[in-house]
Amino acid sequence: VSEYTKNDLLNAFPKIRPDRVFVTHEAASPLFQVLEEVEFLEKTRIKYGLSRPFVLFVGSLKEHKNIPVLIRAVESVLSEKKIDVQLVIAGRRDPKNKELWALLKQKAAFVKYLGEVPDEELAALYNLAKVFVLPSLREGFGLPVLEAMACGTPVIVSNRTSLPEIAGGVGLIFDAGRVDELASLLYNILTDDTLRRDLSRRGLARAAEFSWERTADKTLEVYDRVMR
């Protein structure tokens, strides 16, 4: 599903010929788009108690998602830059990651964990967020990046594995271990409306480059090639 995953496969199985491995990118569901239904957006905001501007993370709460770095970066923006913002986390809890769960409870003053959210409301959350961040240490693709872009949400991703490839020069990129670097990018987006609009516009164009129809066409091309 990405050039990164292809290279990872070839490194693990060096006897495989590179010309026999094909990349077919994933795509966001059409459900994820810029929403004009103000009433639905407000209903979602009220349901989840989102009274403040927020940074959004979507994904499982597994250790490789690198969420503590995001929490510390948002905390830095709050305490040092005095920006009124909270972190909203939507995704499945990982029972193995007990340290993160303890940290979420400890930082409950500015971190809101929503659990798993239906796709319709998730689309609304992307639309409502000031910025989406995926700070992962490892991703085979990173579908939430496309979902956020398709909703017109500015995106920040880590510099690891497939994420720069999917962001395509449109999302802002930070060193996955640098809290200060992420905090600086968050501050820039939260305080610069022009930057936020530019990233939104470019993200929409980037997300439009991916579609399941294109994925199907490329897959069919591979089948045709193999049959010949």
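The values are calculated or read from the model by the stated rules, or taken from the named source; none is laboratory data. Since the model is a prediction, treat every value here as computed from it, not as a measurement. Positions of Cβ are backbone-derived with ideal geometry, glycine not excepted, and every protein chain shown enters the neighbour counts. These accessible areas exclude ligands, DNA and RNA; they are computed on the full protein's heavy atoms, side chains included. Shrake-Rupley method; radii C 1.70, N 1.55, O 1.52, S 1.80 Å.
General observations
- Rounded to 10°, Cα long-axis angle of helix 38-47 versus longest principal axis of the chain: 70
- Taking one quarter of the surface of the convex hull spanned by the alpha-carbon atoms of the chain gives a direction-averaged projected area of 13.6 nm².
- If the Kirkwood radius is taken over C-alpha pairs of the range 140-228, then at 10 °C and 1.306 mPa s the Stokes-Einstein diffusion coefficient equals 110 µm²/s.
- Trypsin sites (Lys or Arg not before Pro) restricted to DSSP loop in the range 92-167 with at most 13 other C-beta within 10 Å: ARG92, LYS96
- The number of Lys pairs in the range 43-132 with C-alpha atoms less than 19 Å apart, excluding pairs fewer than 8 positions apart on the same chain, is 23.
- Largest-first principal axis extents, alpha carbons of the range 85-204, Å: 37, 30, 29
- Note on the chain: dipole from Cβ charges, positive end direction compared against VAL145, LEU31, GLY59; the farthest Cα belongs to GLY59.
- Accessible surface of the chain [probe 1.4 Å, protein heavy atoms]: carbon and sulfur percent: 51
- Placing unit charges on the Cβ atoms only, positive for Lys and Arg and negative for Asp and Glu, gives the range 34-173 a dipole magnitude near 700 debye about its Cα centre.
- Residue-averaged 222 nm ellipticity for the chain, from DSSP H runs of 4+ at -39500 (n - 2.57), nearest 500: -14500 deg cm²/dmol
- Here the range 2-72 yields Rg over Rh of 1.17, to two decimals, using C-alpha coordinates and the Kirkwood radius.
- Principal-axis tilt of helix 67-80 within the chain, Cα atoms, nearest 10 degrees: 40
- Pairwise Cα distances in the range 3-43 exceed 15 Å for 60 percent of all pairs.
- Debye intensity ratio in log₁₀ form over the Cα atoms of the range 111-154, taken at each q of 0.29, 0.34 Å⁻¹: -1.20, -1.25
- The range 1-133 - Kirkwood radius from inverse mean 1/r over Cα pairs (Å): 17.1
- Counting only protein heavy atoms and a 1.4 Å probe, the range 1-124 has 59 square angstrom of accessible area per residue.
- Helix 193-207 axis, angle to the chain major axis (alpha carbon atoms, nearest 10°): 30
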